[in-house]
1. Using a 10 angstrom cutoff on alpha carbons, build the Gaussian network for chain A and name the most mobile of A:14, A:142, A:82.
2. What is the angle, in °, between the Cα long axis of helix A:61-79 and the longest principal axis of the Cα atoms in chain A? Nearest 10 is fine, range 0 to 90.
3. So what's the convex hull volume per residue for the Cα atoms of chain B, in Å³?
4. Classify the stretch B:105-192 from the C-alpha gyration tensor, please: rounded if a/c falls under 1.5, else prolate or oblate depending on whether a/b exceeds b/c.
5. What residue among B:19, B:110, B:251 has the largest mean-square fluctuation in a Gaussian network model of chain B, using Cα springs under 10 Å?
6. Compute the whole-percent fraction of alpha carbon pairs in the stretch A:1-154 spaced more than 28 Å apart.
7. How much of the pair distance distribution for the stretch B:71-110 lies past 11 Å, counting alpha-carbon pairs only, in percent?
8. Enter the Cα centre distance for the pair the stretch B:89-165 and the stretch A:131-187, rounded to the nearest angstrom.
């Protein structure tokens, strides 16, 4: 029983990170109806931002988190400006290809600059508590706490603020919203900034939890988060959170019952199975086909 | 250049084909070029097969598949198993075609299943499905010790000659040309233009989709088999999303929905890839960057939706003239 409680904590920790990244995929999809395949690589770069920052100046955790989130948000906005905006009205396929290409450019640039994995310096002194046979560290609590806090803040932002309302309006109908005087370009930039910043936070938290970072992180973790977003129903923000925690739980469960090399196989098979039965994810709505 | 826009005189195409194949045979038999040139030529042939076959789904049918490297992997591994483990006693002259066909058939069968899945979704979700397929194939192969797991499959014979590659290129081009210009194959193009309207006009879009997926993945598998017997060593990480992206670069560089464009795209890409070789990992920065710039400035590629007259069946011209 203790063992399972312990694994449950690990699952929540992993799921929080997946959910944070998955939110970035879902927000962009909701607003632009485009899969931002570069988002996983933005997450990877944010871990490197954190690494570089700590190399230059050993700042406290909160400052590091904020600086990295800001830098990553800027990166996200730049990608949108340079690569996606010129293709806003192009065929959907062009946008997908561009996103895929951007991701590869970011990943391989990082790989060329830093061919070997790096070890993240410690910025947070972790204490481990033992409660009734379960050990839980302050680091785990921090990761879960920061992620949940950010998710609640995002939910508030989307439901209550004017920007959030505009985002939801664009997701509903992209073509008539500009007629109402909503500055669509600004809203889309804000969406990209927030999505990337959440990915940046996930990068810092991931670097704390699993301190070896490398250029392949975008494929290993970022694409799992993408799977989480799709399972939850891409475009649906709450679905992304649900998918993130679900995937975290499934992964931890797989590793406890079978060799860890089967993890990817099971995760992607799960994705296919869910798409066969729920083609638009667990919480997603089917797209309306107009004739 | 008027003659380029006309169909070739009767028999010229066949004669040209014969000369090309004879030249390939002569180069192989008498060692007319050095090993490097030969390697590049074989790579070019394999890339043409990959590019034309992916173009069938992404260009003519207008869907977006990123799983072509997965079909390549299936073809490569099965053909390697056939030629190394199951028919090791065979004579390469008849064993190699069997191995290549086996690889292609497996890929085609899996392509059929993927085609069934494609009925459910379109656009972005199809990209997700093919991506998941690619990841499943890759991590599946990593977990099969029989084919070497993550270490890879060693000791494959070097059977991919220039002649075999050229023959497969011709078979691929011929099959896909005849498919897309056939009565049935027009359904594939109709799916691209408007699936709902095509259905309403009585086109069996499901059959058209299945056919496109099966043919495309069959030749993807064939290319994989040739690739395995060229390099003599394969491992699962060769067939990842980067490989798929390379094929996408070729397709969208040359032009969607065009045989001549596919050949052009594959040629430019192969030469470019060889020239950029000294750059190491920066090569994989430049190639995707080309893809992004292409999408922004010339989204249909060099020959997008246009065709070199020699690849168009003669009756097409007749129809055009009759129409006038």
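1. Its mean-square fluctuation being the largest, the pick is A:82.
2. Taking Cα atoms only, the helix is inclined about 30 degrees.
3. That works out to 151 Å³ per residue.
4. Oblate, since a/c reaches 1.5 and b/c is not below a/b.
5. Comparing B:19, B:110, B:251 in the GNM, the peak value goes to B:19.
6. Distances greater than 28 Å cover 33 percent of the Cα pairs.
7. Summing the P(r) of the stretch B:71-110 above 11 Å gives 54 percent of all pairs.
8. Comparing the Cα centres of the stretch B:89-165 and the stretch A:131-187, I get a distance of 42 Å.
Since every read-out is calculated from the coordinates, none of them should be taken as a lab result. Just so we're clear, the structure is a prediction, and the values are computed from it rather than from any experiment. FYI the Cβ positions are ideal-geometry reconstructions off the backbone, even for glycines, and counts take in every protein chain you see.
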